[in-house]
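The values are calculated or read from the model by the stated rules, or taken from the named source; none is laboratory data. Just so you know, these numbers come straight off a predicted model, no measurement behind them. Please note: Cβ atoms are built from the backbone with ideal geometry, for glycine as well, and neighbour counts cover all protein chains shown.
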Amino acid sequence: MSGLCDGRVTVVTGAGRGLGRAHALAFAAEGAKVVVNDLGVGPDGAGASADPAQQVVEEIRAAGGEAVAHGGDIATTDGAASLVATALDAYGRLDTLVNNAGFLRDRMLVNLGEDEWDAVIRVHLKGHFLPLRHAAAHWRAEAKAGRTPVARVVHTSSGAGLLGSVGQGNYSAAKAGILGLTSVAAAELGRYGVQVNAIAPAARTRMTETTFAGAMAAPEDPAAFDAMAPANVSPLVVWLGSAACAGVTGRVFEAEAGRITVMEGWRPGPTADKGARWTPAEAGEAARKLLAGAEPPPPVYGAP
């Protein structure tokens, strides 16, 4: 490996399995010291176990790297604060935060319970905000003390956040909210030496295996390229978490297999300005004319 992250300390949430585990191993392989956070819950957020995080720590150490486990709930103030404190206590610094933790509770909207909405919004959106807030407070203090960091944050959104996904109204809303949070954080934290970007990954994980089933199965030939392996996403995440990505902030990338795409988000399309208040009929006529010249939106995942 190139040692792209030598001397850096990286925190990865939800790092006991899937994408988070792949990210943690990839950062360690590039020389980072890693704080591996995971509650060890099931795909729906139920239960808890310290084993997944500790197993990843042991994998990193067995490969000659340095890592510590953190089992706190990062969607709570205390858990997020202790996450940052773990990095500082173990290694004396924090350079990169990768927010990745999440789970699913899929339902069609008419069947989606309030508790299922709240649980998914909590772990994905609040679980991004609170670690970001506590890490940012540390980096701001460092900058004000004359030690401006070269800090990096990588958020985890989804194609569901970009386009929507049938049966995942709660998850789509949370992942879209993460994109808005990324834009604001990039604008606010740049003065403190912090760059903030987001990825929308596609890979075979516990959260996707039932959704995509056979389409995400590993190839039978072990020498073949496994397009859906979580490790395919991690190189971009490692680069975004390193000093090498200087000047890149407020961006969203799709990452899948061997493909990386810069997403361009909402941009103004056709517009009309009357210079005065429209009547409803006029507004409707103008809207129809504008729509006729506009690009149609991409289809929602799972839509007929």
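Assigned to a loop (DSSP other than H, G, I, E, B) and either in contact (Cβ under 8 Å) with a residue 12 or more places away in the chain or crowded, with 18+ Cβ neighbours inside 10 Å (or both) - does that describe any residue in the range 108-129?
Within the range 108-129, one or more residues are assigned to a loop (DSSP other than H, G, I, E, B) and either in contact (Cβ under 8 Å) with a residue 12 or more places away in the chain or crowded, with 18+ Cβ neighbours inside 10 Å (or both).
Scanning the range 256-304 for residues that are among the hydrophobic types (A, V, I, L, M, F, W, C), free of Cβ contacts under 8 Å to residues at least 60 places away in the same chain and part of a loop (DSSP other than H, G, I, E, B), which turns out farthest from residue 162 (Cα to Cα)? Before the answer, list the steps.
If we filter the range 256-304 for residues that are among the hydrophobic types (A, V, I, L, M, F, W, C), which is where we start, we get 257, 260, 262-263, 266, 272, 276, 278, 281, 283, 286-287, 290-292, 294, 300, 303.
With free of Cβ contacts under 8 Å to residues at least 60 places away in the same chain added as a condition, the list becomes 257, 260, 262, 266, 272, 276, 278, 281, 283, 286-287, 290-292, 294.
Among the residues that remain, those that are also part of a loop (DSSP other than H, G, I, E, B) are: 257, 266, 272, 276, 278, 294.
Details: 257: 18, 266: 10, 272: 26, 276: 34, 278: 31, 294: 18 Å.
In this case the residue turns out to be 276.
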Q: Determine the pairs where a residue that is in contact (Cβ under 8 Å) with a residue 60 or more places away in the chain, located within the range 59-76, has a partner that is part of a strand (DSSP E or B) with Cβ atoms under 7 Å apart, the partner being 6 or more residues away or on another chain.
A: 74/37
(Q) Being more than 25 Å from residue 107 (Cα to Cα) and buried (at least 19 other Cβ atoms within 10 Å of the Cβ) is the filter here; which residues of the range 150-180 pass it? (A) 151, 152, 153, 154
Q.
Being more than 22 Å from residue 300 (Cβ to Cβ), at pLDDT below 95 and of a type outside the set (A, V, I, L, M, F, W, C) is true for just one of 206, 191. Which residue is that?
A. 206
Q. What about residue 185, is it at pLDDT 95 or above, in contact with a Leu (Cβ under 7 Å, 6 or more places away or on another chain), assigned to a helix (DSSP H, G or I) and surrounded by fewer than 16 Cβ atoms within 10 Å (Cβ to Cβ)?
A. no
Q: Quickly run through the range 137-163 and pick out the residues that are touching a Phe, Trp or Tyr at 6+ places or on another chain (Cβ under 6 Å) and in a strand (DSSP E or B).
A: 151
Q) When you go through (1) more than 16 Å from the chain's Cα centre (by Cα); (2) over 22 Å from residue 4 (Cβ atoms); (3) modelled with pLDDT of 95 or more one by one for residue 226, which number turns out not to apply? A) (3)
